[in-house]
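FYI, it's all coordinate maths here, none of it is from the lab. No experiment lies behind these values; they were computed from the predicted model shown. Here the Cβ positions follow ideal geometry from the backbone for every residue, glycine too, while neighbour counts run over all protein chains shown.
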Amino acid sequence: MEKRVTFKGKKLPLLLILPQVIITAVFFFWPAGQAIYQSAFIPDPFGLKSQFVGFDNFTFLLSDKYYLAAFTTTAIFSSLVTVVSMGVALWLALMADRIIKGSSAYRTLLIWPYAVAPAVAGVLWLFLFSPNIGLASWYLEKLGYQWNHTLNGGEAMGLVVLASAWGRISYNFLFFLAGLQAIPKSVIEAAAIDGAHFWRRFWTIVFPLLSPTTFFLLVVNIVYAFFETFGVIHTITSGGPQQSTTILVYKVFSDGFVGQDLGSSAAQSVILLLVVGLLTILQFKFIERRVHY
Amino acid sequence: MSTVTLKSVSKSYGKVKVIHGVDVAINDKEFVVVVGPSGCGKSTMLRMIAGLETITDGDLFIDDNRVNELEPMDRNIAMVFQNYALYPHMSVYDNMAYSLKLAKLAKSDIQDRVNKAAELLQLSEYLDRKPRQLSGGQRQRVAMGRAIVRKPAVFLFDEPLSNLDAKLRVQMRLEIRKLQRELGVTSVYVTHDQVEAMTLGDRLMVLNDGVVEQFGTPIELYEQPATLFVAEFIGSPSMNIVSANANGHQLTLTNGTQLESSTSASGPVMLGIRPEHIVQDTTGNLLVDTGMVEQLGSNTLVHGTLSDDNTPVVYSLPGIHTEQSLGEKMRLGVSQDSIHLFNSDTGQRIMS
Amino acid sequence: MSGMVEKTGLGAWMTHLSLILGILAICFPIYLAFVASTVNQSDLIRPPMPIVPGDQFIANYKDALFRGINAPVWQMLLNSMIMALGIAIGKIIISLMSAFAIVYFRFPLRNVFFWLIFLTLMLPVEVRIVPTYEVVASFKMLNSYSGLILPLVASATATFLFRQFYMTVPDELAEAARVDGARPMQFFIDILLPMSRTNIAALFVILFIYGWNQYLWPLLITTDPNMNTIVMGIKQMFPSGDDVPNWPVIMATALLAMLPPVCVVVFMQNLFVKGLVETEK
């Protein structure tokens, strides 16, 4: 798509686009290039020289059981976050969509948690489930369950999933509600007249018509769980216990900044780059599909 | 004093030539309408005059200045766009005043000019409104006002009435004509509507595939179309065109009917007769099978075919008729002066 | 309007009930944080904690705002505000300009630049933290506002949003402006910018929240507590080792940290929704 009208001049447009190009080059492409470059080197133990090692960093990573574990952790973590937050949001959206009066009031009450930073969400849930003083862990103890996510990896995973999914409900709710409201009422009324009950209507009509929204949210939520949940994990578990909540992004951070293993961290960045690229392509495929609707 | 002169002006997009060497001189205070079917290049031509499209070849003069390379703003022209192109976030006043502000006119001067234009266009009470709060006709007037305030040498109109409903179009057509007379500004007006063209223009330029078919007064175009294209394009309903064989003043139609023409020719020709020039005549030579009848009140359109032939013939009879009252077959006549002859290969008019 | 057939009587009550329960469940952690920010530390370390607000509201917030733990919270709020505004305004300005150049001009390397910007869609800051950190460090921008803001300012999303919007602006408008005598920058400022108002506002809401909620980046480049942003500063308030955190002050800080973006979402709800939908297109 191109404009018919264009203004003359070559200097002005270059001047206009320059700020973005410079910032992009300095803070995006240079670092990305650095990451690719560094991924082919291993620094010597004193940090004075680097030795070229080709793909060794990658082959090492792919045989490193901690790194592979981080892959599994990321997969489990992001599927759980996606399923939980989308499930709850869909349920709430279905309910809100059934209401004619006052649904905007519910919307207001449900969307504001979007503004709570993941790191802040982490602190809130940490407080609730703090082994010593948390209200939730206290009640769990009353019920005979000893909660301590600082020792139990499964509990730690549960808690970061909960905190991450919590922050995402608003976003998913908004899109589901919009998707639901875009379904023509007549289609659903026709089904109701045909005698379909709520659940039957939902599975046979509403859910299929909602599938573009669902697919879109699926991709967006996976991206969210991959990258933006860093704050949750850092505040609640710092990747532990025993790396049980170390997702890929967290590992890039801990190997690069805490462990100072730059070559490995750079190689991990490159792998993540590929993952993001894949997800982006998926997203574009989706946009293409949506055009057909 | 403002004239617009095009000297073998042409326009190409890459290898595709859309305007083929147009030579036209537009006089001071003249209202010229460029008319043609969509895609004929009429808008491109207007936009070249405006400076919105570059001129591939040839020269464009406004008065005595060659303006090929000048920016639109330096050509002293004003343009009214098809969809008005009003700035949606500005009030009516600001829309009209924008060009004057850019030209750094004094505030009092701007106020003066805008108020005068608003009065002329009956917009005075809407000056504070935004375009979206106006009706189609009012937006059209604002677009005109924006052109007027600049006191340009030339007005350019790009199908300015095509977004209005039929009734409003007739009214605005008259207003534009009146305004142009009052202001006495040279104007070029593009339209695909031949009725609009006939009623508005001092002279009409019929454009077809980037070529000027004819440039003349509406009546010249009606009475003496220079080409088959003009003959068919001007007039409603369109001129009947049938092929015939000429032998001097004697014409023989495909079904053998003999007609007499004041123009002489020889060999195969295209023969044109306007529907309104065909009359009921019991001694006439044309025998037609009457078909569908359209009653328009003041007259009746009959869609018939030549007897023994399937060539369609449309004719207009004064008064009210029905298929029953006209009968299955009719005998019709044509005066020899109202027969137009065209070269069947080139489509050019054959002069006596 | 409503997508599902409306229920009456019992069904409607059930619908409202599940919504209200959902909202209560979602709001509960925040309510509890509020309660914790209004009581004494001693009320919290002996579980179960109270579930109604106490009387220490003013004391705790005063303590957090003006004393804090590593740095007074007002300082962190100010840092966050500068960072969020810097990112939002910076992104909007450079994107408005670059989109204008891409849509309304033909110039050498236009397509190259377009694709360069486009590619940044695929490079979230989390992926390139270590080398970006090194770049910023080499510019001596650690512990500075420019270091907080600049690496996050370039964004393809905003550029694309404005490009899409400019494409919908009728060509005749630019032509009319040219005939009226407007030069490119006059068209940009007088016509295009005012027409982009709602888009700018919607994007601002989204970008403000995005900037405010940044965590990893400020964590890396601000080692000086006085440069901490509030969102990352909260974590720094936890003591290392087994000491008991000062929960009332931490919770007061958490609530202060969410207050500005939550206000933005609630008070500019429609712009926020528009912004969300459009940036995800």
Note the direction-averaged projected area, equal to a quarter of the hull surface, for the Cα convex hull of the stretch B:4-225, in nm². 12.2
Return the long-range amide H neighbours of B:Asn208 (sequence gap of 5 or more, or a different chain), with a cut-off of under 5 Å between placed amide H atoms. B:Glu213
With 10 angstrom as the radius, rank C:Cys27, C:Cys263, B:Cys40 by how many other C-beta atoms surround their C-beta, starting from the fewest. C:Cys263, C:Cys27, B:Cys40
Could you tell me, in Å, what Rg and Dmax come out for the Cα atoms of the protein assembly as shown? 37.9, 122
Which percent of the Cα-Cα distances in chain A go past 27 Å? 57
Could you list the residues of the stretch B:148-172 with an amide nitrogen less than 17 Å from a label point located 7 Å from the Cα of B:Asp202 in the Cα-to-C-beta direction? B:152-157
When the convex hull of the C-alpha atoms of the stretch B:160-286 is computed, what volume per residue in Å³ does it have? 153
The long-range amide H neighbours of A:Gly240, using H built 1.01 Å from N in the peptide plane and a cut-off of under 5 Å, are A:Thr245
Degrees separating the helix C:156-168 axis from the principal Cα axis of chain C, which is the longest one: 50
Calculate for chain B the 222 nm mean residue ellipticity that helices alone would give, adding -39,500 (n - 2.57) per DSSP H run of length 4 or more and normalising by residue count, nearest 500 deg cm²/dmol. -7500 deg cm²/dmol
Using Cα atoms only, what is the angle between the long axis of helix B:136-148 and the major principal axis of chain B, expressed in degrees (0 to 90) to the nearest 10? 60
Within the protein assembly as shown, percent of DSSP bridges classed antiparallel, to nearest 5: 75
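Please give the peptides A:90-98, B:244-252 ranked by average Cβ packing (other Cβ atoms within 10 Å per residue), highest first, as a rough proxy for protection.
A:90-98, B:244-252
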A 29 angstrom limit on the alpha carbon distance is what I want to check against. Which of B:Lys42/B:Lys151; A:Lys3/C:Lys274; B:Lys15/B:Lys151; A:Lys10/B:Lys15; A:Lys11/B:Lys7 exceed it? B:Lys15/B:Lys151; A:Lys11/B:Lys7
Size-normalised alpha-carbon gyration radius of the stretch C:9-55, reference 2.2 N^0.38 Å: 1.60
HN-Hα J couplings of the stretch B:15-29 from phi, Karplus 6.51/-1.76/1.60, θ = phi - 60°, integer Hz, Gly and Pro as x? 8, 8, 8, 9, 10, 10, x, 8, 10, 8, 10, 9, 7, 4, 6
Between beta-carbons, use under 11 Å as the cut-off and find the net charge around A:Val161, counting Lys and Arg +1, Asp and Glu -1. 0
Phi-derived 3J(HN,Hα) across the stretch A:222-239 with the Karplus relation (6.51, -1.76, 1.60, θ = phi - 60°), rounded Hz, x for Gly and Pro, is 5, 4, 4, 5, 5, 10, 7, 8, 3, x, 5, 5, 5, 6, 8, 10, 6, x
Placed amide H near B:Ile278: partners under 5 Å, 5+ positions off or other chain: B:Ser316
Report, ordered by chain and residue number, the aspartates and glutamates lying within cross-link reach of C:Lys62, taken as a straight Cα distance under 19 Å and ignoring same-chain residues fewer than 8 apart. C:Asp43
With axes computed from alpha carbons, what is the tilt in degrees of helix B:92-102 against the longest principal axis of chain B, rounded to the nearest 10 within 0 to 90? 70
So what J values fall out for the stretch A:138-152 if you push phi through Karplus, 6.51 cos²θ - 1.76 cosθ + 1.60 with θ = phi - 60°, rounded to Hz, Gly and Pro as x? 5, 5, 4, 5, 4, 7, x, 10, 8, 8, 8, 6, 7, 10, 9
Rule-of-thumb check for the stretch C:64-277: C-alpha Rg over 2.2 N^0.38 Å? 1.20
Give me the lysines in straight-line cross-link reach of A:Lys65: C-alpha distance below 22 Å, same-chain residues under 8 apart excluded. A:Lys251
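Which of the peptides A:189-197, C:253-261, B:88-96, B:6-14 is most tightly packed, and how do the rest follow, judged by the mean count of other Cβ atoms within 10 Å per residue?
Numbers: A:189-197: 12.6, C:253-261: 23.4, B:88-96: 20.8, B:6-14: 15.6.
Ranked from most to least packed, the peptides come out as C:253-261, B:88-96, B:6-14, A:189-197.
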Between B:Asp74 and B:Ser238, how high is the FRET efficiency from 1/(1 + (r/R0)^6) when r is the Cβ-Cβ distance and R₀ = 45 Å? Nearest 0.05. 0.60
So what is the orientation-averaged projected area of the stretch B:240-343, using the convex hull of its C-alpha atoms, in nm²? 5.9
Estimated FRET transfer efficiency when R0 is 22 angstrom, pair C:Val244-C:Phe66 (beta carbons, to 0.05): 0.50
Ordered by packing density, taken as the mean number of other Cβ atoms within 10 Å over each peptide's residues, highest first, how do A:271-278, C:17-24 rank? A:271-278, C:17-24
